[in-house]
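Enquirer: Structure below; questions to follow.
Values quoted throughout were computed directly from the atomic coordinates according to the rules given, and no laboratory measurement underlies them. The structure displayed is predicted, hence computed values, not measured ones. Because the Cβ atoms are built from the backbone with ideal geometry, glycine has one as well, and the counts that use them run over all protein chains shown.
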Amino acid sequence: MGTFKNMPINIYHCCVFKTGSQWMRAVLEHPFTRKASGMECYRYEDDLPGKADPRRIRERFFDAPFPKNKILSPLFIDFEGFQSIPKPSDYRAFFVARDPRDIVVSWYFSALYSHKANERMSATRKRLQDMSLEAGLIESIRVLNNTGTFGAILSWNNASKKDPNTKVISFENLTGARQLDEFRDLFEHCQIKMKEKDIKKLLADLSFKELSGRHQGNEDKNSHYRKGISGDWKNYFKPEVNKKFSDLTGNLIIALGYQ
């Protein structure tokens, strides 16, 4: 399937863990998106041993280009790593940000219940199972900080000013009341010309209710689609958890505009 006239040669979907990466990939793989873009998704990790990049997120640099005429999704990467990718002159990129506190809560429950088991995750799950909820959340903050997740999010601040082909969007807006407007703007940025009725149908096909069988806010801890709301961190960040987060991340929340 060839690209349409005036389409970028590549689109890069960049993110960190627990920012709806698989859901966004499903959006980009939806038949309406493929028809409008003329491109299919490509995940470079599928070509690696174990289908995973073993490097920490802030250590992912690339010296070879990815295939042309593809939507690269998802790319778990910081801004410096993204800049290292040899890219064609015609490209578009976007990064999905999310409140790091919600990332912590989502990662904790995923690691404890729903994430696909592998050697590393099984060890993490066993460790979390032996901890209280509060201790487990603090451990999750430590792990995410050590793996560079928080620093990676911060690295994308002002990325649009450094690279006009890049757009930073929030998970909260992509899943909230302004969802239609956000996706309209995102598709416009990516030069994907899609009718509004098709965007609405796409979002209905991939709604939380359609994917989980539950309304947003109704929790299933064993599901990949656990709760489907933003701000859930307020239910879990007790004083000790909040203190540990602040001690490790400093003014991160203010810097990202989530204060």
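Enquirer: Can you tell me the length gained on complete extension of the stretch ARG178 to GLU80, counting 0.36 nm per residue apart and subtracting the Cα distance? Intermediate values should be presented prior to the final figure.
Expert: Details: separation 98, 0.36 × 98 = 35.28 nm, distance 2.96 nm.
The ARG178-GLU80 span can extend by a further 32.3 nm.
Enquirer: Would you calculate the separation in nanometres between label points at TYR113 and GLU29, each defined as 7 Å from the Cα along the Cα-to-beta-carbon direction?
Expert: Distance between the two pseudo-spin positions: 2.4 nm.
Enquirer: Provide the packing ranking of 172-178, 120-126, 31-37, 150-156, i.e. peptides ordered by the mean count of other C-beta atoms within 10 Å per residue, highest first. List each step's numbers first, then the result.
Expert: Working: 172-178: 16.1, 120-126: 12.4, 31-37: 17.9, 150-156: 22.3.
Put in order of decreasing packing, that is 150-156, 31-37, 172-178, 120-126.
Enquirer: Can you give the convex hull volume of the alpha carbon atoms of the chain per residue, in Å³?
Expert: Working: hull volume 32.9 nm³, N = 259.
For the chain, the hull spanned by Cα atoms encloses 127 Å³ per residue.
Enquirer: Would you compute, from DSSP H runs of 4+ residues alone, the mean residue ellipticity of the chain at 222 nm, taking -39500 (n - 2.57) per run and dividing by the full residue count, rounded to the nearest 500? Show your work: numbers first, answer last.
Expert: Details: 14 runs with 115 residues, N = 259.
Mean residue ellipticity, 222 nm, calculated: -12000 deg cm²/dmol.
Enquirer: Moving to a separate point now. Name the long-range amide H neighbours of GLU40: under 5 Å, sequence gap of 5 or more, or other chain; modelled H, no Pro or chain starts.
Expert: ILE71
Enquirer: Still on this structure: Considering the options LEU144, GLN191, ASN173, tell which one lies farthest towards the positive end of the dipole of the chain, charges being +1 on Lys and Arg and -1 on Asp and Glu at the Cβ, about the Cα centre.
Expert: About the Cα centre, the residue reaching furthest to the positive side is GLN191.
Enquirer: Could you give the length gained by full extension between ALA135 and ARG56, i.e. 0.36 nm per residue of separation minus their alpha carbon distance, to one decimal place?
Expert: Values: separation 79, 0.36 × 79 = 28.44 nm, distance 2.35 nm.
Net length gain for the segment: 26.1 nm.
Enquirer: Amide H of ALA97 versus every other amide H placed in the peptide plane: which residues, excluding those fewer than 5 positions away on the same chain, fall under 5 Å?
Expert: Those qualifying (amide H under 5 Å, at least 5 residues apart or on another chain) are ILE169, SER170, PHE171.
Enquirer: Next question, about the same structure. Please compute the net charge surrounding LEU256, taking Lys and Arg as +1 and Asp and Glu as -1 over other residues with Cβ under 12 Å from its Cβ. Mind showing how you got there, number by number?
Expert: Details: positive: ARG98, ARG101; negative: ASP99, ASP102, GLU172.
Charge balance in the 12 Å sphere: -1.
Enquirer: How many nm is it between the label spots at GLN259 and LYS243, if each spot is 7 Å from the Cα in line with the beta carbon?
Expert: 2.2
Enquirer: For segment 10-256, calculate the relative contact order in percent as a whole number, restricting contacts to Cα pairs under 8 Å that are 6 or more residues apart.
Expert: Values: 321 pairs, mean separation 63.4, N = 247.
The normalised contact order for segment 10-256 reaches 26 percent.
Enquirer: Skipping prolines and chain starts, which residues have an amide H placed within reach, meaning under 5 Å, of the one on PHE61, given they are 5 or more residues away or on another chain?
Expert: none
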